[in-house]
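Structure first, then comments.
The values are calculated or read from the model by the stated rules, or taken from the named source; none is laboratory data. Bear in mind the structure is a predicted one, so any value in this text is a computation, not a measurement. Counting neighbours? That spans all protein chains shown, and the Cβs are built from the backbone with ideal geometry, glycine included.
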Amino acid sequence: MAEIHQDITQFTAERAWGARDLAEIAGASVRLHWTDKPYIWHTNTGAEVFMVVDGAVDMSYKVNGVEQTVRLGPNDVFVAQVGDEHIARPVGAARILVVEEKGSI
């Protein structure tokens, strides 16, 4: 059955990085996250697509061991490939759409 989600910019969670599961597609999860706290430095076992829906996020990632940071705003997308070490640090509260291998951290 088709679903419509018209309230994504109003979504909140009980804790940082809480999520609303939207779909599972060929082993990938599509989730809407709400957070006001940083995540952790991590790498994924598969590619990750990270799109800011509302708010701003400072996304840091490492290139040859050197930390780089870019500020992402609404509709900006960050794509991490397998092994790309990264951390998301929201600037205030943010809502983020994440597509990644199901069960990934």
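Checking Met1 against (1) part of a loop (DSSP other than H, G, I, E, B); (2) surrounded by 15 or more Cβ atoms within 10 Å (Cβ to Cβ); (3) hydrophobic (A, V, I, L, M, F, W, C), which single condition isn't satisfied?
So Met1 meets the others, but not (2).
Can you spot a residue in region 53-74 that is out of contact with any strand residue (DSSP E or B) (no Cβ under 9 Å at 6 or more places or on another chain), of a type in the set (Gly, Ala, Ser) and within 22 Å of Gly103 (Cα to Cα)?
no
Could you please give the count of residues in region 49-105 that are within 15 Å of Ala16 (Cα to Cα) and of a type in the set (Lys, Arg)?
Total meeting the criteria: 2.
Filtering region 93-105 down to residues that are within 22 Å of Thr45 (Cβ to Cβ) and of a type in the set (A, V, I, L, M), which residue is farthest from the chain's Cα centre (by Cα)?
The qualifying residue farthest from the chain's Cα centre (by Cα) is Ile105.
Search region 58-73 for residues that are aliphatic (A, V, I, L, M) and pair each with any residue that is at pLDDT 95 or above and not in a strand (DSSP E or B) when their beta-carbon atoms are under 7 Å apart and the residues are at least 6 apart or on different chains.
Leu72/Ala56
Kindly list the number of the only condition in (1) touching a residue at least 40 places away in the same chain (Cβ under 8 Å); (2) under 25 Å from Glu14 (Cα atoms) that fails for Gly46.
Single failed check for Gly46: (2).
Can you give me the number of residues within region 6-36 that are in contact with a Leu (Cβ under 7 Å, 6 or more places away or on another chain) and over 22 Å from Ala47 (Cα atoms)?
2
Might you check whether a residue that is of a type in the set (A, V, I, L, M) and closer than 24 Å to Asp7 by Cβ occurs anywhere in region 59-68?
no
Can you tell me how many residues in region 72-92 are over 13 Å from the mean Cα position of the chain (by Cα) and closer than 23 Å to Ile8 by Cβ?
Number satisfying all stated conditions: 2.
Those residues that are in a strand (DSSP E or B), within 17 Å of Trp34 (Cβ to Cβ) and at pLDDT 95 or above, I need them from region 79-105; list them, please.
Correct list: Ala88, Arg89, Pro90, Ala94, Arg95, Ile96, Leu97, Val98, Val99.
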